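The values are calculated or read from the model by the stated rules, or taken from the named source; none is laboratory data. Remember, it's a predicted structure, so these values are computed and weren't measured experimentally. Neighbour counts run over all protein chains shown; Cβ positions are idealised from the backbone, glycine included. Heavy atoms of the whole protein, side chains included, go into the accessibility calculation; ligands, DNA and RNA do not. Shrake-Rupley method; radii C 1.70, N 1.55, O 1.52, S 1.80 Å.
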Amino acid sequence: MQTANLLIVLLILSAVAYYMARGRSVAQAQPLGGIRHLHSLPFFYGMRAAIWCALPSLLLLAAWLLFDEPIISSLLIGGLPENLQPNSAAEHNLLLNSIENIASGALSAETSAPALVAAAESLRDLRSSGTNLVTAAVLSLSVLGMGWGWVKVSPILRARQQVERVFRGILLSCACVAIFTTLGILLSVLFESFRFFQAVPATEFLIGTEWSPQMAIRSDQVGSSGSFGAIPLFVGTLLISFIAMVVAVPVGLMSAIYLAEYASPRLRGIAKPTLEVLAGIPTVVYGFFAALTVAPFIRQTGEGFGLQVSSESALAAGLVMGVMIIPFISSLADDVINAVPQSLRDGSLGLGATRSETIKKVIFPAALPGIVGGVLLAVSRAIGETMIVVMAAGLAAKLTANPLDTVTTVTVQIVTLLVGDQEFDSPKTLAAFALGLMLFVVTLVLNFVALRVVKKYREQYD
Amino acid sequence: MNKMVTDIAVEMPTGLVQPEQENIDGIEYPKQTIGTPLLESSKMSMRNVDVFYGDKQAIFNVNVDIGQHEVIAMIGPSGCGKSTFIRSINRMNDTVESCKVTGQLTLDGEDIYSTKMDPVALRARVGMVFQKPNPFPKSIYDNVAYGPRLHGLASRRAELDEIVETSLTRAGLWAEVKDRLDQPGTGLSGGQQQRLCIARAIAISPEVILMDEPCSALDPIATAKIEELIAELSQNYTIAIVTHSMQQAARVSHRTAYFHLGRLVEVNETEKVFTAPEHQLTEAYITGRFG
Amino acid sequence: MTNLNKSRAEQIQSSLAKRYRAEKRFQMYGYAAIAFGLLCVVILFTDIVSKGYKAFGQTYIQLEVTYDASTLGITDVNDSQQLALADFHGIVKKALKSRFTDVSGRKAKRDLYGLISNGAGYTLRDRLVANPELLNQTETLWLVADDDIDTYYKSIGSDAGAFTGRMSEQRQGWVDQLVESNDVEMRVNRNFFTQGDSREPELAGIRGAAMGSLFTLIITLALSFPIGVAAAVYLEEFAPCNRWTDLIEVNINNLAAVPSIIFGLLGLAIFINFFHVPRSVPVVGGLVLTLMTLPTIIISSRAAIKAVPPSIREAAIGVGASPMQVVLHHVLPLAMPGMLTGAIIGMAQALGETAPLLMIGMVAFIVDVPGGFTDPATVLPVQIFLWADSPERAFVEKTSAAIMVLLAFLILMNTLAVILRKRLERRWL
């Protein structure tokens, strides 16, 4: 049975379980003199039965959906004759693919190896019998649960407590998704990076100044002549992020200050939402804007001054990224500035300071920790920003600090290495995960520090 | 002490005769402030002052003078407008967008609200101490030096040091902090913080110091110190203090003004206000029937 | 004392002018910053609209077409096998040849046939299938022009002069002839809204990407909203103060700031390589975007729950409600508008996201409009990325137009969120 149909059947079964258990509890309450003699409301008896009916079977179904493919494929490969056993993960995948194709009829059975045809046959068998088996197991489990829920109904059953415990458990597991996500990220990048560092020494990766992973596409070159020195990428990332911050920090900060301290309500009503529009624009749009409008404009202007400007200059990507980050900085700065107590403003104005003196000498120093935290968050955003640089920055890993030259970034390389045809074991693909690890660690540290700084700052004025 | 004026342009009731009453929302107000609101010679004078917050009027036709080197206390139940009134004396209300002040307010005869009067220069002459101690998150030294630096009052470091020392000494804080001038002002105790704020205010040698409930956030011992300080300062400065504590008003002030729901009901010598209030509202407040 | 005061006052007065100049300057900086920000918005939107609005029109050429059975190579209109093999472009070629009789030479002929898009054949087939009596008949039809012709025709009369690009002078001459005889027309570009992707700019549409986005968002919403709300309820109402809770909170806050591309790596390594979920399908896109938007939704849902006054909880507990009943009967209904606002903002974020989807293969060239959650698909922002990378000039305006559509959806969603938030505010004030 298809998963969707199975889910619908489960839903109906648990509804039935709910009404049966509920009815039974009401019937049991009748001779005692009404439902107030039950331990819990009939609703909870019903819910308890429904949970027993649905939860275990759903868990079983989820486990099957997650692990059916690995189980079936390991059975398949295990069943193959000795000479066909795969040697590497890539071969493994290739083999599975061809079996899959034979089974679906995309590859003709006549031209394929008989062992594979047999495997395709058993794949089909395994699939259908597996599905049937699981459907039967799921359904019988849910009927059993329904029965259990019905049988246990009695006036002294602590149904409410049990239902609420399950309810709480579900809530807790939802909250834990965040932890599992972090774990998943860590495991996936760590595992693949580990394999990368087996092929390429970590020192070469961290302090090498030559980046040309494409060289390593042939297996005889692995790690030896393909070079994986990531310094040019780090420098490129920092250069573009720096340009972005040079644009975003002053503009974002000054506009936040102006809107908070000077602007008339009318201007604030127009300017604030308009600036926030910038935050809602997808990064791919910024990328398009950077590549097709800003970069040619900078090139032309530069050439007007007789400068050599690359058509994929770091300046174009950095400028547009800066524009993207303006609202981010300005809204953070706005929060931080508003958290500075009014009494400090009064104190300064009462001494005869002008508004700008009050801002520069009292509010800004008082808000500084919060602003620094906000800027750190913005830096982490700039470092992790992908689409703008993919579209507007180049691929050439040059070690330069010239904003008019082309540079590449960590994120650009991750995308380039992973989009398109991949071979899973080549250092070229694994390098993307090593870069991902670097990116994750750096942004994590930045975020962690920034969030702590901002939190400390907030507590100071609460 | 300043001489009270008995015959002035504004009609003044005399003696204990009940003046003409005005009945607003069931409360009997005198048509004019009773007692002696006006002085013969004054440091500041306020005439027909109305203050509005948007459409809401907070202060109604207040007439009062503040004499040279006098301490005047403003008392009244909370929400009576005494803080609003004191904040309009040095144009702190300018920072509140919807706030509008009308009437004539003068400092040494100069109109405070004229276009010629610069609010920045005005606030340097009329300093203010606030309800909650609000030292800047800077060192003690920088807190006191803030005003002089702003206004360019010291050309050399030594001069600035001197100003800081005298101000802290006058504020009675020097002995306590002279060894830790570079530590943050926010690290001091509440009472010390408030004295630091007073030192900060007197560092620019204002002519008038306005105090908006300066002791409401302090414990009794710190309050006593501030009160002593006010008595000392009154030899050199003109002080207007808003307080919700009648005892404090009685202890520190020469004259006391009683505000009720935005109206100035009675101004008299402090002793008289507390022993023989002329108006029934004042009496009701003094005897604790509301407040 | 008075003298001293006088000199003080003078001292203060003397520096005032300078201080006020500094004040003015500072205000100017602020004003300039705001102006710069607003200018960026204006430039961005004008740039995109000016580049893209023409994509909503499409050049059509009027031709006299004969459904010649022998050219088509079919005998029976109802035989689908024959129809599939029929040479519909052949009759377009014939029609062009009869329109411009003086064309000779191989290259010139190829140029001539290139006036009409390859997609015209499908139009003709659909017409013939709908009206079988047209076989061997002649009719005058408007057919989709090739993208070069489209670009050329649209740029006639523009300030920069007509864009000829790769077009030979001969081709321009033909178009000019057609224009003179009123056989060229600008029509609403229906392909753009009804077709999937194509290598031919004049046939490419955003429907495939839009449907892909829709399916992906449905998965994202269906997963992230319940999980996010449940997590928020747990953290606000049930979580004990212990290390585990702290760990969850720190994790959520950090995940909110992790670069989106990292989630793509997670999706690639865990969902695709480990669990063998197929690549390029909305299900896996939805899963990745769920993990990405969850922190946003949890954070805003927590804020909404926090905004419910504690007095309501106390009242409910006071009449004997259990914690679960308090949550279900009181807290959730009252916090719902705020949670929905957060969900919409999260969905808007997911709709605009590109980078993680590149990692999980949603960047493939897919012509068919996806019909379900497990069909290979791409999404609007990725389509924009793909078109922006295409060399044909005609794709620039398509890209801009696709951006306009995407922005329209985003503005719609954000407006909805703002309206919801406004209603929420009114409720509590």
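With the solvent-accessible surface defined on protein heavy atoms using a 1.4 Å probe, which residues belonging to segment B:121-167 display a reduction of at least 30 Å² in accessible area in the multichain context relative to the isolated chain?
Checking the loss per residue gives B:A121, B:R123, B:F130, B:N134, B:F136, B:P137, B:K138, B:Y146, B:L150, B:H151, B:L153.
Label points 7 Å out from Cα along the Cβ direction at C:L214 and C:T66: separation in nm?
Placing both labels 7 Å along Cα→Cβ, they lie 4.3 nm apart.
Which is the longest run of chain B containing none of the trypsin sites (Lys or Arg not before Pro) found in DSSP loop states (not H, G, I, E, B) with at most 10 other C-beta atoms within 10 Å? Please report the intermediate quantities before stating the final value.
Details: sites that count: B:K3, B:K116, B:R156, B:R289.
Maximal segment without exposed cleavage sites: B:157-288.
Mind checking which of B:T282, C:G371, A:V9 is farthest towards the positive end of the protein assembly as shown's charge dipole, using Cβ charges of +1 (Lys, Arg) and -1 (Asp, Glu) about the Cα centre?
B:T282
At a 1.4 Å probe radius, carbon and sulfur cover how many percent of the accessible area of segment A:105-201?
Numbers: 3700 of 5210 Å².
Carbon-and-sulfur percentage of accessible area, whole number: 71.
Are there trypsin sites (Lys or Arg not before Pro) in segment C:181-277 that DSSP puts in a loop and that have at most 16 other Cβ atoms within 10 Å, and which ones?
Those that pass, being in a loop and sparsely packed, are C:R190, C:R199.
Mind listing the phi-derived Karplus ³J(HN,Hα) values for segment A:275-292, rounded to whole Hz, using 6.51, -1.76 and 1.60 with θ = phi - 60°, and x for any glycine or proline?
5, 5, 4, 4, 6, x, 6, x, 5, 5, 5, 4, x, 4, 4, 5, 6, 9
Lys/Arg Cβ at +1, Asp/Glu Cβ at -1, dipole of the protein assembly as shown taken about the Cα centre: which of C:M404, B:L105, C:G352 is farthest positive-ward?
The residue sitting farthest along the positive end of the dipole is B:L105.
For segment B:166-291, which whole percent of the accessible surface, found with a 1.4 angstrom probe, sits on carbon and sulfur atoms?
Working: 2350 of 4800 Å².
Carbon with sulfur: 49 percent of the solvent-accessible area.
So for the pair C:D389, C:F275, with labels modelled 7 Å out along Cα→Cβ, what separation do we get in nm?
For the pair C:D389/C:F275, the computed spacing is 2.6 nm.
Between A:H37 and A:L139, 0.36 nm times their residue separation minus their Cα-Cα distance comes to what? If you can, show how the numbers build up before the last one.
Working: separation 102, 0.36 × 102 = 36.72 nm, distance 3.41 nm.
33.3 nm is the gain from fully extending A:H37 to A:L139.
Can you pull out the buried accessible area for chains A and B, both sides counted, probe 1.4 Å, rounded to the nearest 100 Å²?
Details: alone 25050 and 13480 Å², together 36840 Å².
Answer for the A-B pair: about 1700 Å² buried.
Would you kindly calculate the mean projected area, averaged across all directions, of the convex hull enclosing the Cα atoms of the protein assembly as shown, in square nanometres? It would help to have the intermediate numbers written out before the result.
Values: hull surface 263.9 nm².
Averaged projected hull area, Cα only: 66.0 nm².
Taking H as built 1.01 Å from N, whose amide H comes closer than 5 Å to the amide H of B:Q183, not counting residues under 5 places away?
Those qualifying (amide H under 5 Å, at least 5 residues apart or on another chain) are B:I140, B:Y141.
Residue by residue through segment C:300-315, what is 3J(HN,Hα) from phi via Karplus (6.51 cos²θ - 1.76 cosθ + 1.60, θ = phi - 60°)? Round to whole Hz and write x for glycine and proline.
Rounded to whole hertz, the list is 6, 5, 4, 4, 5, 5, 4, 6, 6, x, x, 4, 5, 5, 4, 4.
How big is segment A:353-432 in terms of Cα radius of gyration and Dmax, in angstroms?
Both quantities, over Cα of segment A:353-432: 20.0, 66 Å.
Count charges around C:N131 for me, please; just the other residues with Cβ under 12 Å from its Cβ, Lys/Arg as +1, Asp/Glu as -1.
-1
Given R₀ = 30 Å, what would the calculated FRET efficiency be for C:S14 paired with B:T102, taking r from the Cβ atoms and rounding to 0.05?
0.40
Hey, what's chain A come to in accessible area per residue, 1.4 Å probe, Å²? Walk me through the intermediate numbers first.
Working: 20800 Å² over 462 residues.
Normalised by residue count, the accessible surface of chain A is 45 Å².
Expressed as a whole percent, how much of the Cα-Cα distance distribution for segment A:252-369 exceeds 20 Å?
Across segment A:252-369, Cα pairs with separations above 20 Å total 56 percent.
Nearest 100 Å², what total accessible surface is buried between chain C and chain A (probe 1.4 Å)? Intermediate results must be reported in sequence, preceding the final value.
Numbers: alone 23810 and 25050 Å², together 41960 Å².
So the buried area, both faces added, is about 6900 Å².
Please give the total accessible area that chains B and C bury against each other, computed with a 1.4 Å probe and expressed in Å² to the nearest 100. Please list the in-between numbers first.
On the way: alone 13480 and 23810 Å², together 36190 Å².
Approximately 1100 Å² gets buried when B meets C.
For chain A, what is the mean residue ellipticity at 222 nm derived from helices alone (per DSSP H run of n ≥ 4: -39500 (n - 2.57); sum divided by total residues; nearest 500 deg cm²/dmol)? Walk me through the numbers on the way to the answer.
Details: 17 runs with 339 residues, N = 462.
That calculation yields -25000 deg cm²/dmol at 222 nm.
Could you check how many percent of all C-alpha pairs in segment C:188-302 are farther apart than 25 Å? Could the numbers behind the result be given before it?
Details: 2611 of 6555 pairs.
Counting every Cα pair in segment C:188-302, those more than 25 Å apart make up 40 percent.
Under the √(5λ) rule applied to the eigenvalues of the Cα gyration tensor, what semi-axes describe the equivalent ellipsoid of segment A:86-151? Give them in Å, descending.
Numbers: eigenvalues 288, 37, 12 Å².
Semi-axes, largest first: 38, 14, 8 Å.
Suppose all protein chains stay in the model; what accessible area per residue would a 1.4 Å probe give for segment B:21-286, in Å²? Present the calculation step by step, with values, prior to reporting the outcome.
On the way: 9990 Å² over 266 residues.
Accessible area per residue: 38 Å².
With θ set to phi - 60° and the Karplus curve 6.51 cos²θ - 1.76 cosθ + 1.60, what are the ³J(HN,Hα) couplings of segment C:36-51 in order, to the nearest whole Hz, using x for Gly and Pro?
Whole-Hz 3J(HN,Hα) from phi for segment C:36-51: 4, x, 5, 4, 4, 4, 4, 4, 4, 5, 4, 4, 6, 5, 5, 7.
Is there a quick way to get the dipole size of segment C:57-189? I mean about its Cα centre, with the Cβ of Lys and Arg at +1 and of Asp and Glu at -1; what is the value in debye to the nearest 20? Walk me through the intermediate numbers first.
On the way: 14 positive and 20 negative charges, 84 e Å.
Charge dipole of segment C:57-189: 400 debye, to the nearest 20.
May I ask for log10 I(q)/I(0) of chain C at q = 0.07, 0.12, 0.13 Å⁻¹, from a Debye sum over the Cα atoms as equal point scatterers with solvent left out?
Per q value, in the given order, log10 I(q)/I(0) is -0.56, -1.06, -1.15.
Count the net charge of all other residues whose Cβ sits under 14 Å from the Cβ of C:I344, scoring Lys and Arg as +1 and Asp and Glu as -1. Spell out each step's value before the answer.
On the way: positive: C:R421, C:K422, C:R423; negative: none.
Once all neighbours under 14 Å are counted, the net charge is +3.
In whole angstrom, how far apart do the alpha carbon centroids of segment C:33-53 and segment B:148-227 sit?
52 Å
How large is the accessible surface of C:H329 in square angstrom, using a 1.4 angstrom probe and rounding to the nearest 10?
110 Å²
Pull up all non-local amide H partners of B:H260: gap of 5 or more, or a different chain, and H-to-H distance under 5 Å with H placed in the peptide plane.
Residues meeting the criterion, in which the H sits 1.01 Å from N, are B:V265.
Within chain A, what's the longest run with no trypsin sites (Lys or Arg not before Pro) in a DSSP loop and at most 13 other beta-carbon atoms within 10 Å? Give the range, please. Please report the intermediate quantities before stating the final value.
Details: sites that count: A:R158, A:R218.
Here the longest segment lacking exposed loop sites spans A:219-462.
Go ahead and set up a Gaussian network model of chain B, Cα springs under 10 Å, then flag whichever of B:D179, B:D25, B:D219 fluctuates most.
B:D25
With a 1.4 Å probe and all protein chains left in place, how much of the accessible area of segment C:57-189 comes from carbon and sulfur atoms, in whole percent? Don't jump to the answer; show the numbers that get you there.
Values: 3070 of 6930 Å².
Carbon-and-sulfur percentage of accessible area, whole number: 44.
Towards the positive end of the charge dipole of the protein assembly as shown, with charges on Cβ (+1 Lys, Arg; -1 Asp, Glu), say which of C:L332, C:L223, B:G76 has the farthest Cα.
B:G76
Can you tell me the 0 to 90 degree angle between the C-alpha axis of helix B:157-170 and the longest principal axis of chain B, rounded to 10?
So the inclination is approximately 50 degrees.
Suppose R0 equals 45 Å. What FRET efficiency, 1/(1 + (r/R0)^6) with r the Cβ-Cβ distance, do A:N101 and C:S181 give to the nearest 0.05?
Once the sixth-power term is evaluated, E becomes 0.25.
Among rounded, prolate and oblate, which fits segment B:224-277 when a ≥ b ≥ c are the square roots of the eigenvalues of its C-alpha gyration tensor, a/c under 1.5 means rounded, and a/b larger than b/c means prolate? Kindly include the intermediate steps, with their values, before the conclusion.
Values: a/c = 1.89, a/b = 1.73, b/c = 1.09.
Prolate.
Report the label-to-label distance for A:F191 and B:E271 in nanometres (one decimal), using points 7 Å from each Cα along the Cα→Cβ vector.
Going from the A:F191 label point to the B:E271 one covers 9.2 nm.
In a shell of Cβ-Cβ distance under 15 Å around A:R158, excluding A:R158 itself, what net charge do Lys and Arg (+1) and Asp and Glu (-1) give?
Numbers: positive: A:R48, A:K152, A:R160, A:R165, A:R168; negative: A:E164.
Net charge around A:R158: +4.
Quick one: which residues, 5+ away or cross-chain, put their amide H under 5 Å from the amide H of B:A203? H built at 1.01 Å from N.
Residues meeting the criterion, in which the H sits 1.01 Å from N, do not exist here.
Can you give me the C-alpha center-to-center distance between segment A:291-364 and segment C:172-233, rounded to a whole angstrom?
Value for the Cα centre distance between the two parts: 36 Å.
Need one word for chain A: rounded, prolate or oblate. Basis is the Cα gyration tensor (sqrt eigenvalues a ≥ b ≥ c); a/c below 1.5 gives rounded, then a/b vs b/c decides. Walk me through the numbers on the way to the answer.
Numbers: a/c = 2.93, a/b = 1.26, b/c = 2.34.
Note, shape of chain A comes out oblate.
Taking a probe of 1.4 Å, how large is the accessible area per residue of segment C:2-53, in Å²?
Each residue of segment C:2-53 exposes 62 Å² on average to a 1.4 Å probe.
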